1. The stretch 216-321: which chymotrypsin sites (Phe, Trp or Tyr not before Pro) are DSSP loop and have at most 15 other beta-carbon atoms within 10 angstrom?
2. Kindly write out, for the stretch 128-142 in residue order, the coupling ³J(HN,Hα) from the Karplus curve 6.51 cos²θ - 1.76 cosθ + 1.60 (θ = phi - 60°), rounded to whole Hz, with x marking Gly and Pro.
3. To make sure I understand the rule: partners must be lysines, Cα under 22 Å from the Cα of residue 221, and not fewer than 8 residues away in the same chain. Which ones qualify?
4. Run the numbers on the stretch 35-191 and let me know its relative contact order in percent, using alpha-carbon pairs under 8 Å that are six or more apart.
5. In the chain, what % of DSSP beta bridges are antiparallel (nearest 5)?
6. Mind checking which lysines have their C-alpha under 29 Å from residue 264, skipping anything on the same chain fewer than 8 residues away?
7. How large is the helix-only mean residue ellipticity at 222 nm for the chain, computed as the sum of -39500 (n - 2.57) over DSSP H runs with n ≥ 4, divided by its residue count, in deg cm²/dmol to the nearest 500?
8. How large is ³J(HN,Hα) for each residue in the stretch 302-314, as worked out from phi by the Karplus curve 6.51 cos²θ - 1.76 cosθ + 1.60 (θ = phi - 60°), to whole Hz, x for Gly and Pro?
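Any read-out appearing in this document is the output of simple, stated calculations on the displayed coordinates, not a laboratory observation. Just so it is clear, the structure is predicted and the values come from calculations on it, not from any experiment. Because the Cβ atoms are built from the backbone with ideal geometry, glycine has one as well, and the counts that use them run over all protein chains shown.
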Amino acid sequence: MILAGDIGGTKTVLALIDTDSSGALISITEQTFASGEFAEFDDILELFLSNSPQISAACFGIAGPVINQRCQTTNLPWILDGERLKIRLGTQRVKLLNDLEAMAIGMLHLEADDFIELNPGAEPQAGNIGVIAAGTGLGEALLYWDGEKHHALATEGGHSDFAPQNSQQDQLLAFLRQRYPEHVSYERLLSGLGFSNLYDFLVESGFGPACLAVPSLEYAKTTGIDRNAVISRLGVDGEDVLCQEVVRLFAEIYGGEAGNLALKGFTTGGVYIGGGIGPKIRSALATEEFMLAFTAKGRFKTMLEKVPVRLALNPKTPLLGAMYYYA
């Protein structure tokens, strides 16, 4: 029996997997947990494995850097240690992967109808693939092509410096430097919290009046209202001009950073967009403006105009990657 997990700052999904005579995966059971409700990962394991059979192998995709098979999660106070998990699970076949590394592997096992092509000028070809995913945070990974198959490579590219591409984004960077004086990363914008940061910037810069339906930061914290979800929903639905601009600006910056990843990884095989936010703002990503930001790389514009850019719709992609690692 294979234990697979997708461990994120918001939720943790665990599954028990078996294989049939043909080697196809069979999901025996799957359960989702609210990560913030548990002091440590072992508490979730205890609940999930209370009546489970012997585990032969385990693989976990984790939102955080995995170094020497040990991970301090980025948005949780958890430490996962591969050697300790081997003892806990009674098997030497335990692997910790960065969550985007797991997602990248999962991308290779999606069906064609799990994707939406965002680049009308795409010319599919073999080559490296970039994976970028905005969700609770911003993750980035690469799938290196060796001429026969792809190999997943983890990165922490989502924490690289935000680089503005126009005068509005210049003002945005100045605003964010006041809020995050030590470091302004792409994750401050291309994540759930990014919607609040963009909204507050637009209000302060005088783009338009604040939306009465959007709670203040303080009120949202007190009541537990997901302020970011409110802003993105109003913007996608076109119910408020300011929130519409938030979503437009989010998509513009997302396109620009996806293009950066394509250049850094020389991803002629494509750029795949994963994570929970992409499908929710699908209409914004399907605009010409998103692709203009993706290709606005000067002398490399012509090359990027041919790169496939695919939005993945399957929310279980990281879990699939963990499932297939040993299977």
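1. Values: sites: 219, 250, 254, 266, 272, 290, 294, 300; in loops: 266.
Within the stretch 216-321, the qualifying chymotrypsin sites (Phe, Trp or Tyr not before Pro) (loop, at most 15 other Cβ atoms within 10 Å) are 266.
2. 4, 10, x, 10, 10, 8, 9, x, 4, x, 10, x, 9, 8, 10
3. Reachable lysines: 11.
4. Details: 216 pairs, mean separation 25.2, N = 157.
That works out to 16 percent.
5. On the way: 35 of 54 bridges.
Percent antiparallel among DSSP bridges in the chain is about 65.
6. 95, 149, 280, 297, 301, 306, 316
7. Numbers: 13 runs with 123 residues, N = 327.
Helix contribution divided over all residues of the chain: -11000 deg cm²/dmol.
8. 4, 5, 5, 5, 9, 7, x, 10, 10, 8, 8, 9, 7
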